[in-house]
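Input: a single structure, listed below in structure tokens.
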Amino acid sequence: MESKKISIKISGMSCASCAINNEKELLKRKGVLSANVNFATKKASVEYDADVLSGEDVKQVIKDNGYEVVEHETHNMEHTKHTEHRMLMENGEHEHIGEDIRKNWLAFLGSAILSAPLLLGMFFKIETGVLILKTDLVMWLNLFFATVVVFYCGWRFHRMAYMQAKKMRANMDTLISLGTLTAYFYSLWAIFSARVGYLESAALIITLIILGKYFEAKSTGQAGEAMRKLLELGVKKARLIVNGEEKEVNIYEIKVGDTIIVRAGEKIPLDGIVVEGESNIDESMLTGESLPVEKKKYSSAYGATVNLDGVLKIKITHIGEETVLAQIIRTVEEAQSSKAPIQKLADKISGIFVPAIICVAFLTFFGWYLFSHNLAIAIINAVAVLVIACPCALGLATPTAIMVGTGRGSKNGILFKEGESFERAKDITIVVFDKTGTLTRGKPEVQKIISNPGHKFTEDKILKIAASLAKNSDHPLSKAVAKHIEGRNIKLAELENVKEIRGKGIKANCVEHKTALLLGNKKLLEENNLETKWADGIISDDKLGTGTRLFVAHGAQIVGAIVVADEIRDESKKVIEELKNMGLELAMITGDNKKTAEAVAQELGIAKVLAEVLPSEKSEEVKKLQKQGEKVIFVGDGINDAPSLVQADLGIAMGSATDIAKEAGQIILIQNNLEKVVEAIKISRLTFKTIKQNLFWAFAYNVIAIPLAAAGLLSPIIAAAAMSMSSVSVVANSLRIYKK
């Protein structure tokens, strides 16, 4: 089976019921593996079996369901090879949003102009004295204006209502169409029966709802502002160096391995490595950090960042969908398309909402008719029920908040990979930090070399053994040891049978002396049956500081120790204090010995220490905390902590920008800045709080407004205005996330 994903822009969805209907139809189709239709973004994200159906088949399901597919919006996410191509398509989407806003505004203006005479007639009795069929000319003019408004300006509602009726379904368009047509045809009958009609209600309902759609489109567009700004970051041209000469080319002509030149003040087009020159780069558009980053030879440079001063030659390493900017955009898109668990309740209610309202409207009609024997009052109150009910607010409550929350996060270098992250953050009780590379800088250095007086190995000889073993490892501690001998006249030993034991150290045999060599912690010594009395003394010696103790063994003897310290991040103490103030418990997990770990934890103010934990055991420690009833955030420095990030209730990965797509956490911090952890938790909590507020007001609005309308306390015109504004208020509340 070949699985593919496709993102489709859908036109014509008016409420949450539309999104649910499309989702159900897609999932019914054989070959569709998953489908998620988002009412706020008007997009369908569909995973399908390419052996069973094509992308065109998927689009056809939506078309057959009565909705339109915006063709220039549709793109296969796996086959968009170049960021430039993707940008063109996404810019097309934003043009479509602008067009949608413009169309709604023009439709409102036309409808408002035609409805104005009817509105005027509500306050002043206007007659010409010219009678046609015993009715004043003004009434016939009003009928003409109302007919144009109801059937021309309101055609979209009637069309979609008809499409839904054919499939024995209903949505918001059904309510609007039923309400306006009922008021219109009753008024038509009333004209010929010399009764009071409600043409102004039919026309003004359409006008006010179109105005609401305009505000809704505009405010929803603002909710996606962060995404648009991300897309605008891309560069279309680059200066390619060909045979020593500069040549301006389109971005999609660049290949991996090409070298480009970027002058001061210009944006870097694609990701690469600096091969010549030095400069400061503004990476704020990716990381949210305002301070420029110094770049020199062999430094990584990322597309869409700005070269501030020097001239750089950059060898391209990533193009198209592999660039950091493209990965950020894809991650934000996927998060905005996802649904938080809390939305399931809203979806269930939206699924039965419209049919239930139609039933309430019929009951209202019959109740009032039996009570008052007045057909006009019964009809007008039933119409009020139809037009005041608002499934839109329910449908927009969750996705708009997620759109704004993910947008604010991406602007500050925090990537939320899924909407569920916001809901998970609300119950967190403890934050577990991995020590190395998270609370510390991840760049340890050798602080001291101690010779075991019982064996009289010189410092250089201890370093020779240690560095010979360390050069075979990528572990940060090993790298620190290997780097320490730079500039020293130390010739490394030739080794065989080199074996790295995760969480313990390295062992090998010296080819020249046929001697076993070890570099590692106390566990490695014990595993090889060495006497650890001297090592115990080194571990407990407070004068040696808080650094990690690495022991060096030659044969059966421990000949020395190396203290390697990793500097604590400047912001670590501040972050720990802020998290405590938020009411969260804190823990540190590390492979270091207990004494060293406790010394670091004490300096930071962390009470709970999980020390001497092997990498493979970290996720088990997280599981133990969860069994004790804790809700755990695990903060790790990337791929090495993947099992723990997955096991935690919420994983926050402090990965480098190049590892975005590989990270296991639900939240990714593009920059290794611990303060972003606090910000990520705050944004998560604020977004979920906003979702709850939105859902509360959406439910409260309908619970209060529908009975009022049924009781005859609201006219259809006021009901239409209230319904239109309910959706806008939900989006406006979501937009407050940007400002807090």
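The values are calculated or read from the model by the stated rules, or taken from the named source; none is laboratory data. As the structure is a computational prediction, the values presented were derived from the model and not from experiment. FYI the Cβ positions are ideal-geometry reconstructions off the backbone, even for glycines, and counts take in every protein chain you see. Each accessible area value is taken on the protein alone, full model and side chains, heavy atoms only, with ligands, DNA and RNA left out. Shrake-Rupley method; radii C 1.70, N 1.55, O 1.52, S 1.80 Å.
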Any idea which of 351, 310 is in a loop (DSSP other than H, G, I, E, B) and either open to solvent by 10 Å² or more (accessible area, probe 1.4 Å) or touching a His at 6+ places or on another chain (Cβ under 8 Å) (or both)?
310
Return a yes/no flag: does the range 439-450 have any residue that is open to solvent by less than 10 Å² (accessible area, probe 1.4 Å) and under 30 Å from residue 558 (Cβ atoms).
yes
Could you tell me whether residue 482 is assigned to a helix (DSSP H, G or I), buried (at least 17 other Cβ atoms within 10 Å of the Cβ) and without any contact (Cβ under 8 Å) to a residue 24 or more places away in the chain?
yes
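What is the residue count in the range 527-558 for residues that are over 21 Å from residue 480 (Cβ atoms) and open to solvent by 50 Å² or more (accessible area, probe 1.4 Å)?
Number of matching residues: 10.
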Would you point out the residue of the range 559-577, among those that are touching a strand residue (DSSP E or B) at 6+ places or on another chain (Cβ under 9 Å) and open to solvent by 10 Å² or more (accessible area, probe 1.4 Å), that is modelled with the lowest pLDDT?
566
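Do we have any residue at all in the range 511-522 that's within 23 Å of residue 595 (Cβ to Cβ), in contact (Cβ under 8 Å) with a residue 40 or more places away in the chain, assigned to a helix (DSSP H, G or I) and under 50 Å from the mean Cα position of the chain (by Cα)?
Yes, the range 511-522 contains a residue that is within 23 Å of residue 595 (Cβ to Cβ), in contact (Cβ under 8 Å) with a residue 40 or more places away in the chain, assigned to a helix (DSSP H, G or I) and under 50 Å from the mean Cα position of the chain (by Cα).
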Lone qualifier among 712, 665 - being open to solvent by less than 50 Å² (accessible area, probe 1.4 Å) and on the phi > 0 side of the Ramachandran plot
712
Among the residues of the range 30-41, are any among the charged types (D, E, K, R), out of contact with any Cys (no Cβ under 8 Å at 6 or more places or on another chain) and in contact (Cβ under 8 Å) with a residue 24 or more places away in the chain?
no
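If I filter the range 254-302 down to residues being of a type in the set (S, T, N, Q) and either assigned to a strand (DSSP E or B) or free of Cβ contacts under 8 Å to residues at least 12 places away in the same chain (or both), which single residue comes out as surrounded by the most Cβ atoms within 10 Å (Cβ to Cβ)?
279
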How many residues, within the range 1-30, are open to solvent by 10 Å² or more (accessible area, probe 1.4 Å), over 23 Å from the mean Cα position of the chain (by Cα) and not small (Gly, Ala, Ser)?
9
Would you confirm whether any residue within the range 333-343 is open to solvent by 30 Å² or more (accessible area, probe 1.4 Å) and farther than 30 Å from residue 234 by Cβ?
yes
Exactly one condition in (1) assigned to a helix (DSSP H, G or I); (2) in contact with a Phe, Trp or Tyr (Cβ under 9 Å, 6 or more places away or on another chain); (3) of a type outside the set (Gly, Ala, Ser) is false for residue 403; which is it?
(2)
Every residue from the range 457-482 that is modelled with pLDDT under 90 and of a type in the set (Lys, Arg):
471, 479
Of these, 490, 449, 465, which one is part of a loop (DSSP other than H, G, I, E, B) and of a type in the set (Val, Ile, Thr)?
490
Residues 384, 376: which one is farther than 23 Å from residue 724 by Cβ, touching a helix residue (DSSP H, G or I) at 6+ places or on another chain (Cβ under 9 Å) and either modelled with pLDDT under 90 or open to solvent by less than 20 Å² (accessible area, probe 1.4 Å) (or both)?
376
What's the total number of residues in the range 314-347 that are within 30 Å of residue 15 (Cβ to Cβ) and either touching a Lys or Arg at 6+ places or on another chain (Cβ under 8 Å) or touching a residue at least 40 places away in the same chain (Cβ under 8 Å) (or both)?
18
What is the number of the single condition among (1) surrounded by fewer than 18 Cβ atoms within 10 Å (Cβ to Cβ); (2) within 14 Å of residue 430 (Cα to Cα) that residue 646 does not meet?
(2)
